[in-house]
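To keep things clear, I will list the structure first and then write my remarks on it.
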Amino acid sequence: MSDYKNFTMNFGPQHPAAHGVLRLILEMDGEVIRSADPHIGLLHRATEKLAESKPYNQNIGYMDRLDYVSMMCNEHAYVLAIEDIMKLDIPERSKYIRVMFDEITRILNHLLWLGAHALDIGAMSVFLYAFREREDLMDCYEAVSGTRMHATYYRPGGVSKDLPNVMPKYMLNKNQNLDQVEKLNYNREGSLLDFIESFIDRFPKNVDEYENLLTDNRIWKQRTVGIGVVSPERAVDLGFTGPMLRGSGIEWDLRKKQPYEIYKDLEFDIPVGTEGDSYDRYLVRMQEMRESARIIKQCCNWLKTDNGEYISSNYKIAPPDRDDMKESMESLIHHFKLFSEGYCLPVGETYACVEAPKGEFGIYLISDGANKPYRLKIRAPGFPHLASLDEMAKGHMLSDVVTIIGTQDIVFGEIDR
Amino acid sequence: MNKIRELLTDHIVDYIETDMITVIVEKSKLKMILTLLKEDKNLQFTQLIDLCAVDYIEYGKSEWQTREATSTGYNRGIKPTSHSRIDFSDETDDDDYELCVIYHLLSIKKNLRIRIKCFLDNSSLIIPSVTDLYAAADWYEREAYDLFGVLFEGHNDLRRILTDYGFIGHPFRKKFPLVGNTQVRYDPEQRKVINEPVDINPRTLVPKVIRKK
């Protein structure tokens with residue numbers, strides 16, 4: 001036998017299974033990984049530095065573009081940080097709206113993760129099912145903010161608009177006839193809340209469908225069981241949060257342990273894994289989608305009976321009503337100041353975090369009393385996850401690297417920032 | 001809360017309670033304090049949530065100081081040296097920085113958070129690495145080195161992480177211009193991608209204002 005030596009292989013940055021622009025330098029012994037060195041930063045936009053040059057409200061849009069599959073959760077951490085420094089109380093209704101959209105975002109994120117993860121390791125059809133449901137949730141985003149992804153919906157003091165009373169409908173077009181359009185519009189006759197409710201009523205059955213395809217699937221189990229095992233102690237040491245930590249058996253969820261907004265009034269459970277492998281993390285995320293549906297249902301019920309304010313009426317922070325601006329000089333001044341100079345925060349610093357779909361998404365904000373952040377550090381959950389790739393992939397086969405990237409739920413918008 | 005104060009009181013420079021407990025420590029005692037916090041049975045700060053650096057050189061300095069109205073737009077009130085630089089003819093001093101390294105710890109067992117700040121003296125940007133205490137520190141320290149130039153002693157792979165291969169400078173320092181120093185383009189004559197000084201004019205759309213109430 002001839003002597004084999006380890007060889008080095010380049011993976012990405014344009015590989016479809018790399019979930020974006022990940023470049024891996026793999027040291028291989030045959031087909032076995034000896035070490036993996038991720039090269040990141042190919043999507044680095046210096047969001048933190050850009051934020052230092054803009055007034056607070058103009059940075060909300062940047063937050064959407066961090067983890068671009070869980071947009072509103074990123075905004076949430078940012079507005080929480082601002083509200084925390086200002087010691088601002090926000091109306092109850094906006095808290096419920098935020099929580100509802102956080103959970104919609106969680107489902108959106110997990111559906112994309114599920115579709116892409118399954119596609120990476122050989123199950124094509126799940127992707128198509130997952131995107132069917134994502135479409136409806138993106139319509140919810142569009143109904144409140146006008147955009148399907150980068151919503152910029154949360155504002156310091158509340159949310160930018162109230163929930164609409166009419167759900168936008170499909171219109172007759174050259175690709176669909178009247179019957180098809182009517183079929184698409186069957187649950188869009190009422191308000192947005194009616195639409196979300198009808199979605200939530202059918203969604204658990206959809207999750208059953210995905211589970212039918214995967215949970216007992218022999219190939220799926222062969223590809224995920226025992227792959228990328230992380231012990232609870234290592235998971236903590238490596239800085240894991242979210243489903244990555246819970247998959248290893250640690251019951252830690254900020255929504256329960258350090259509740260923000262109105263999570264403490266809601267009923268939901270925290271799924272926890274036992275083995276810490278990719279299959280457990282899959283099960284945890286699937287169960288999280290069901291729990292999110294439960295939370296959305298409770299928020300819907302509350303919001304239907306409430307007619308409160310959706311944004312604070314402190315006009316130093318939130319814009320006044322547009323109609324008032326035509327009549328009232330003071331409203332006009334407030335509006336002008338808010339959209340030109342912005343507002344100044346008191347001197348201080350804070351770390352605000354939310355349980356984003358991927359883990360703990362935190363904003364460390366330092367204010368020196370100006371109208372712009374002095375320093376904004378974004379604590380992205382994916383960053384420590386990807387840092388552990390070397391450890392998780394070591395000793396596995398090349399094809400398992402794809403499973404591990406998938407199970408980590410990597411999105412480069414937040415890792416490279 | 002009091003436990004932390006009791007445990008650390010002899011070793012720290014300052015103790016502040018804001019959104020969470022914040023302690024300011026000296027560089028020489030940093031690792032000792034982190035070990036104490038991690039191993040104390042009543043605290044168990046076993047997770048490093050975040051590690052970042054901050055450049056305090058422009059803290060509390062506003063750009064906008066004009067009181068009278070003029071007709072020449074925003075730039076009238078902006079001091080050219082305040083935020084990075086406005087004009088590329090301005091001299092900048094690369095040694096102008098005041099760095100601080102900030103650690104956020106989390107205790108999952110006790111549901112506690114703590115922030116540890118360690119200011120660096122400009123004469124030495126070397127700080128002990130905490131990778132042997134927290135595995136998560138590996139990439140965070142690489143990031144702080146890349147963006148701020150903090151040197152972590154004992155880190156065994158202190159490479160740049162976010163910026164491009166061959167990048168020069170530490171871009172998140174306040175004196176580093178927002179638009180950068182170089183731009184790349186394809187040069188048809190040399191038939192390759194070249195680096196050259198940036199030719200766009202940096203401008204300030206909204207000046208930094210500090211209003212005291």
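Each reported figure results from applying straightforward, stated rules to the coordinates on display, with no laboratory input. Note that the structure is a prediction, hence the values are computed from the model and not measured. FYI the Cβ positions are ideal-geometry reconstructions off the backbone, even for glycines, and counts take in every protein chain you see.
Quick notes on this one:
- Chymotrypsin sites (Phe, Trp or Tyr not before Pro) restricted to DSSP loop in segment A:1-89 with at most 12 other C-beta within 10 Å: A:Y4
- Modelled label reach - A:E135, point 7 Å along Cα→Cβ, segment A:151-180 residues with backbone N closer than 16 Å: A:168-180
- Ellipsoid semi-axes for segment A:1-70, based on the Cα gyration tensor and the rule √(5λ), read 39, 11, 7 Å when sorted largest first.
- Amide H partners (placed H, <5 Å) of B:F152, local residues excluded: B:I127
- Set A:K169/A:K304; B:K3/B:K61; A:K257/A:K297; B:K38/B:K117; A:K297/B:K109; B:K117/B:K174 screened for pairs whose C-alpha atoms are more than 26 Å apart: B:K3/B:K61; A:K297/B:K109
- Listed from fewest to most Cβ neighbours within 10 Å, the set A:K337, B:K117, A:K87 follows the order A:K87, A:K337, B:K117.
- Compactness of the protein assembly as shown, expressed as Rg and Dmax over alpha-carbon positions, Å: 25.3, 90
- Within the shell defined by Cβ-Cβ distances under 10 Å, the residues around A:G249 carry a net charge of -2, with Lys and Arg each +1 and Asp and Glu each -1.
- Length gained on full extension, A:L332 to A:I270, computed as 0.36 nm times the residue gap minus the Cα-Cα distance: 17.6 nm.
- Taking amide H positions as modeled 1.01 Å from N, with prolines and chain starts lacking one, the residues under 5 Å from A:E360 and 5 or more places away or on another chain are A:T241, A:G242.
- Summed side-chain charge close to A:G122 - residues other than A:G122 whose Cβ falls under 14 Å, Lys, Arg +1, Asp, Glu -1: +1
- Dipole check for segment A:208-252: with +1 at the C-beta of Lys and Arg, -1 at the C-beta of Asp and Glu, and the Cα centre as origin, the magnitude is about 240 Debye.
- FRET efficiency estimate (nearest 0.05) - Cβ-Cβ, B:Y15 to A:V32, R0 30 angstrom: 0.05
- Solution diffusion estimate, µm²/s, Stokes-Einstein, segment A:48-103, Kirkwood Rh from C-alpha pairs, 4 °C, viscosity 1.567 mPa s: 107
- Amide H within-cut-off set for B:A53, under 5 Å, with H built and near neighbours excluded: B:I102
- Inter-part distance, segment A:190-239 to segment A:92-169, computed on C-alpha centroids, equals 16 Å.
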